[in-house]
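Report on the structure given below.
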Amino acid sequence: KFYILSGALILTSIIALSTRGLKPSVEFTGGRTYEMVFEKPVGKHSEDIKKLLRNELKEENGQSASIEVKSRNSDYRVEIATDYLQKVPNSESRVRGDIIKALESNPNYGTPIVENSRSVSATVSEELKMSSAIAILFSILIMFVYILIRFKGWQFGAAAAISTAHDVIIVLGIFALLHGVLPFNMEVDQAFVAAILTLIGYTINDTVVVFDRIREFLGKYKSKDTLTIMNDAINSTLGRTINTSSTTFIVLLTIFVFDAG
């Protein structure tokens, strides 16, 4: 049953990645960056500004544009990066005007002024995409080599690499399936890449614990068949896995709720 569920999740994820794809942030698509100066302090309102611009700046297909807002060295300054109308030729003045119009709709910010602007090169974005993909694939390869050396068997290394790829594909599939559906940001940026690398670390850590227990049980219960030993080893570590995952989930859920609030 678990193999069927796993297979269904992998198949759904691959279909979602093939059809909908991931929604990249400005870092991965290229776009424009504006350094804005406000009449009123807005340093603590970066997330509110981001939500406002996402609601106001819509692409021709109705999807929200990618928006990144960062506070600068003053409460009156923010940097806004967006891929809004990136594919529309000669649209810079329209983008600038639409951003200012959207910001002026909230009287709490005062009148914003664009002090500096620059383009984010698509070439640089492609290099960043490639670097991120290489980082993820290289980390899986390194984990394979580590497991291979530690447990002295390619089977262990292959199983670890497959389980890691399994988890990564499902997470990517969830983001591909649900971006634009759920009411919060699901764009792929450098923080997302860091999260995937963290996921790989958690997966390998759990895999090492299970493999250690399998190796221990293989030496201790030589009269039992291999499948029974593997099943017993997995069951003996299941409580630890659930506890570790649950505590991590609670922490992340708390961060998400307070950040969204």
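The values are calculated or read from the model by the stated rules, or taken from the named source; none is laboratory data. Here the structure is a predicted model, which means the values were calculated and not measured. So basically every Cβ, Gly included, is an ideal-geometry build from the backbone, and we count neighbours across all protein chains shown. Accessible surface is based on the protein model in full, side chains and every heavy atom, while ligands, DNA and RNA are left aside. Shrake-Rupley method; radii C 1.70, N 1.55, O 1.52, S 1.80 Å.
Data for the structure
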{"item": "Given (1) hydroxyl-bearing (S, T, Y); (2) open to solvent by 70 Å² or more (accessible area, probe 1.4 Å); (3) at pLDDT 85 or above, number of the condition T226 does not satisfy", "result": "(3)"}
{"item": "Residue pairs meeting the criteria (Cβ under 7 Å; at least 6 apart or on separate chains; first over 23 Å from E68 (Cβ atoms), in region 191-213; second open to solvent by 50 Å² or more (accessible area, probe 1.4 Å) and hydroxyl-bearing (S, T, Y))", "result": "R213/S236"}
{"item": "Boolean, E216 is without any contact (Cβ under 8 Å) to a residue 24 or more places away in the chain and either open to solvent by 40 Å² or more (accessible area, probe 1.4 Å) or closer than 30 Å to S66 by Cα (or both)", "result": "yes"}
{"item": "Leading residue by the ranking (nearest to T29 (Cα to Cα)) among those in region 178-193 that are surrounded by 11 or more Cβ atoms within 10 Å (Cβ to Cβ) and among the β-branched types (V, I, T)", "result": "V188"}
{"item": "Criterion: of a type in the set (V, I, T) and either assigned to a strand (DSSP E or B) or open to solvent by less than 40 Å² (accessible area, probe 1.4 Å) (or both) - qualifying residue of I162, I136", "result": "I136"}
{"item": "Subset of region 147-188 [within 16 Å of R215 (Cβ to Cβ) and without any contact (Cβ under 8 Å) to a residue 12 or more places away in the chain]", "result": "L148, I149, K152, G153, W154, Q155"}
{"item": "Some residue of region 109-116 being modelled with pLDDT under 80 and open to solvent by 40 Å² or more (accessible area, probe 1.4 Å)", "result": "no"}
{"item": "Selection status of N205, open to solvent by 80 Å² or more (accessible area, probe 1.4 Å), out of contact with any Lys or Arg (no Cβ under 9 Å at 6 or more places or on another chain) and either among the acidic types (D, E) or assigned to a helix (DSSP H, G or I) (or both)", "result": "no"}
{"item": "Number of the exception - S119 against (1) in contact (Cβ under 8 Å) with a residue 12 or more places away in the chain; (2) open to solvent by 40 Å² or more (accessible area, probe 1.4 Å); (3) part of a helix (DSSP H, G or I)", "result": "(3)"}
{"item": "Among (1) surrounded by 16 or more Cβ atoms within 10 Å (Cβ to Cβ); (2) in contact (Cβ under 8 Å) with a residue 40 or more places away in the chain; (3) part of a helix (DSSP H, G or I) - the single one F144 does not satisfy", "result": "(2)"}
{"item": "Within region 184-201, tally of residues that are out of contact with any helix residue (DSSP H, G or I) (no Cβ under 7 Å at 6 or more places or on another chain) and within 29 Å of E47 (Cα to Cα)", "result": "7"}
{"item": "Qualifying position, being closer than 19 Å to A158 by Cα, of a type outside the set (S, T, Y) and open to solvent by less than 40 Å² (accessible area, probe 1.4 Å), among I196, I200", "result": "I200"}
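To keep it simple, each residue is scored yes or no on (1) free of Cβ contacts under 8 Å to residues at least 40 places away in the same chain; (2) closer than 26 Å to V188 by Cβ; (3) touching a strand residue (DSSP E or B) at 6+ places or on another chain (Cβ under 8 Å); (4) among the charged types (D, E, K, R).
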site: Q63; (1), (2), (3), (4): no, yes, no, no
site: E68; (1), (2), (3), (4): no, yes, yes, yes
site: P89; (1), (2), (3), (4): yes, yes, no, no
site: A102; (1), (2), (3), (4): no, yes, no, no
